[in-house]
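Visitor: My structure is below; once you've seen it, I'll send some questions.
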Amino acid sequence: MRVFHTPSRIIVTCNSRLSPCLEQELRDLDCPIVRTFATGVELRGNVRQCIRLNLRLRCASQVLYSLKSFPCNSPDELYSALISIPWETFIAPDGYFSVTGNVYHPTIRTVMFANVKVKDAIVDRIRLKTGRRPDTGSELRGVVVYLYWKDEQAEIFIDTSGETLAKHGYRKIPGKAPMLEALASAVILASKWDRKSPFVNPMCGSGTLAIEATLIATGRYPGLLRNNYAFMHLTGYEASMYEKERRLLYDLVQQLPGLRILATDISPDAVHISKINAAQAGVEEYLDFEVCDFASTEVPEGAGGVVVFNPEYGERLGEELELEATYARIGDFMKQQCRGYTGYIFTGNADLAKKIGLKASRRLEFYTGKIDCRLLEYELYAGTKKEQPTEV
């Protein structure tokens, strides 16, 4: 089986509610879409094409290449179906592989049991064909095989990514409750920012939103910040495949000397962490960091950019009461100091959002972890347009 050249079903996964942004990314790469669902997008292609996707997608989690889909109603049926796959053609007999999966079937109490069945089938097949057996383990440092089994149907994939693509590799110091890089990218891609006008990010935390905005504006793709993927460990992999795709990324980088990305936080530690992360991402020259209260953040006049907040949501009653005043101040700041801009607030607390005192023009649904969140958009008119009543 020549997986680098044989077309098959490709599933690009993402966190829940990121699939509209992921679909748009794939369309921008001229990838024909088969279907889009809550946690991913289906395409068709070979593993060589998966290399490009791994290097360029900002909102994705894994790029999965399908080997076989089959009816399955027991662990024995799983083993029988998998031992017929020519694993020896893409897993070296002296190599290493791991198995991950999601299983929803009454015969399986824990996914670990199903994973062991997959490992047994792969090892037995390779030992039968070569007289040797590869090592296995839980670390995603070699070939990665992924099992999806729901009800009476199972499908086995090569996970060409390995470690998740949702983390972009520059955030060596995460800070307090950081936003996942893939989510930050999706928030920016879902906004109306033109990637030329100012991007203002008060309460920046560890700087993820500001850094992702800079990476997007300057055409820097995640593949520039990572050099190890699971596809590199498949038999038949040629380094030239990867090197060609990576060289193309450098050609896409743009120099934007007039770009203004402003990020502030009242915490000196947060700003320090943000500067370290920005340097790791290679975009520190574009970012203006400042330690200050959010209300003192510089907003360039007449530029018509975006201002983006990701305030705390308040997990306990006392915190929520304190944050009511903060959210009201955020609303005042946007009304008084951000005229002509488009404002965004990402929050997981609808009650606190009502304290902003502005009517949202759009409400986009997201999750952060398991928290149901909204990205609220506000048109901050430069003129004297009568304010609308609060409606969140």
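Visitor: Considering only residues that are among the small types (G, A, S) and within 35 Å of the chain's Cα centre (by Cα), look in the stretch 120-139 and name the one that is surrounded by the fewest Cβ atoms within 10 Å (Cβ to Cβ).
Guide: We begin by selecting, within the stretch 120-139, every residue among the small types (G, A, S); these are 121, 131, 137-138.
Then keep just the ones that are within 35 Å of the chain's Cα centre (by Cα); that gives 121, 137-138.
Numbers: A121: 22, G137: 12, S138: 10.
That would be S138.
Visitor: Now a separate question. Would you be able to say whether some residue in the stretch 328-349 is at pLDDT below 95 and among the hydrophobic types (A, V, I, L, M, F, W, C)?
Guide: No.
Visitor: Among the residues of the stretch 325-347 satisfying the criterion of being more than 27 Å from the chain's Cα centre (by Cα) and polar (S, T, N, Q), which is surrounded by the fewest Cβ atoms within 10 Å (Cβ to Cβ)?
Guide: Q336
Visitor: Kindly establish whether I33 is free of Cβ contacts under 8 Å to residues at least 24 places away in the same chain and aliphatic (A, V, I, L, M).
Guide: Details: free of Cβ contacts under 8 Å to residues at least 24 places away in the same chain: yes; aliphatic (A, V, I, L, M): yes.
Yes: the conditions hold for I33.
Visitor: Additional query: Working carefully through the options E77, E42, find the one that is more than 16 Å from the chain's Cα centre (by Cα) and more than 30 Å from H168 (Cβ to Cβ). Full working, then the answer.
Guide: Details: E42 fails: more than 30 Å from H168 (Cβ to Cβ).
Exactly one of E77, E42 is more than 16 Å from the chain's Cα centre (by Cα) and more than 30 Å from H168 (Cβ to Cβ), namely E77.
Visitor: Regarding the stretch 243-256, can at least one residue be identified that is closer than 24 Å to L375 by Cα, outside the structural domain of Y96 (by TED's automatic domain parsing) and part of a helix (DSSP H, G or I)? Give the derivation first.
Guide: Taking the stretch 243-256 first, the residues closer than 24 Å to L375 by Cα are none.
No, that holds for no residue.
Visitor: Under 7 Å between Cβ atoms, at least 6 apart or on separate chains: pull out the pairs that start in the stretch 215-242 with a residue that is over 23 Å from Q254 (Cβ atoms) and at pLDDT 95 or above and end on any residue that is small (G, A, S) and not in a loop (DSSP other than H, G, I, E, B).
Guide: Final answer for the pair search is none.
Visitor: Being part of a strand (DSSP E or B) and in contact with a Phe, Trp or Tyr (Cβ under 6 Å, 6 or more places away or on another chain) narrows it down to one residue among L364, L352, L375; which is it?
Guide: On the way: L364 fails: in contact with a Phe, Trp or Tyr (Cβ under 6 Å, 6 or more places away or on another chain); L352 fails: part of a strand (DSSP E or B).
None of the others qualify; the one that does is L375.
Visitor: Now a separate question. Of all residues being assigned to a loop (DSSP other than H, G, I, E, B) and basic (K, R) in the stretch 1-34, which is farthest from L180 (Cα to Cα)? Just the residue, please. Please lay out each step first, then the result.
Guide: Restricting attention to the stretch 1-34, the residues satisfying the condition of being assigned to a loop (DSSP other than H, G, I, E, B) are 1-7, 14-18, 29-34.
Narrowing the set further to residues that are basic (K, R) leaves 2, 17.
Details: R2: 35, R17: 13 Å.
The selected residue is R2.
Visitor: Which condition number in (1) part of a loop (DSSP other than H, G, I, E, B); (2) touching a Lys or Arg at 6+ places or on another chain (Cβ under 7 Å) is the one that I216 fails?
Guide: The number of the failed condition is (1).
Visitor: If you don't mind, there's one more thing I want to ask. Could you check the stretch 35-134 for strands (runs of 3 or more DSSP E) lying wholly inside it with 2 or more residues that are of a type in the set (V, I, T)? Walk me through how you get there before you give the answer.
Guide: Working: elements: 35-37, 40-45, 62-71, 96-104.
Those strands (runs of 3 or more DSSP E) span 96-104.
Visitor: Specify the residue that is nearest to the chain's Cα centre (by Cα); the eligible residues are those in the stretch 206-233 that are surrounded by fewer than 23 Cβ atoms within 10 Å (Cβ to Cβ) and under 17 Å from Y344 (Cβ atoms).
Guide: It comes out as I216.
Visitor: In the stretch 243-265, what residues are without any contact (Cβ under 8 Å) to a residue 40 or more places away in the chain and among the hydrophobic types (A, V, I, L, M, F, W, C)?
Guide: If the condition is that a residue be without any contact (Cβ under 8 Å) to a residue 40 or more places away in the chain and among the hydrophobic types (A, V, I, L, M, F, W, C), then L248, L252, V253 are the ones that fit.
Visitor: From the set of residues in the stretch 12-25 that are touching a residue at least 24 places away in the same chain (Cβ under 8 Å) and surrounded by fewer than 21 Cβ atoms within 10 Å (Cβ to Cβ), which is nearest to G101 (Cα to Cα)? Let's see the steps before the verdict.
Guide: To start, the set of residues in the stretch 12-25 that are touching a residue at least 24 places away in the same chain (Cβ under 8 Å) comprises 12-18, 20-22, 24-25.
Next, from what is left, pick out any that are surrounded by fewer than 21 Cβ atoms within 10 Å (Cβ to Cβ): 16-17, 20, 24.
Working: S16: 17, R17: 21, P20: 24, Q24: 27 Å.
My answer is S16.
Visitor: Could you tell me which residue of the stretch 1-29 is modelled with the lowest pLDDT, considering only residues that are of a type in the set (S, T, Y) and closer than 17 Å to A190 by Cα?
Guide: Pass one, the stretch 1-29, residues of a type in the set (S, T, Y): 6, 8, 13, 16, 19.
With closer than 17 Å to A190 by Cα added as a condition, the list becomes 16, 19.
Values: S16: 95, S19: 98.
Among those that are of a type in the set (S, T, Y) and closer than 17 Å to A190 by Cα, it is S16.
The values are calculated or read from the model by the stated rules, or taken from the named source; none is laboratory data. What you see is a predicted model; the values in this text were computed from it and never measured. A quick note on method: Cβ atoms are made from the backbone with ideal geometry, for glycine too, and the neighbour counts reach across all protein chains shown.
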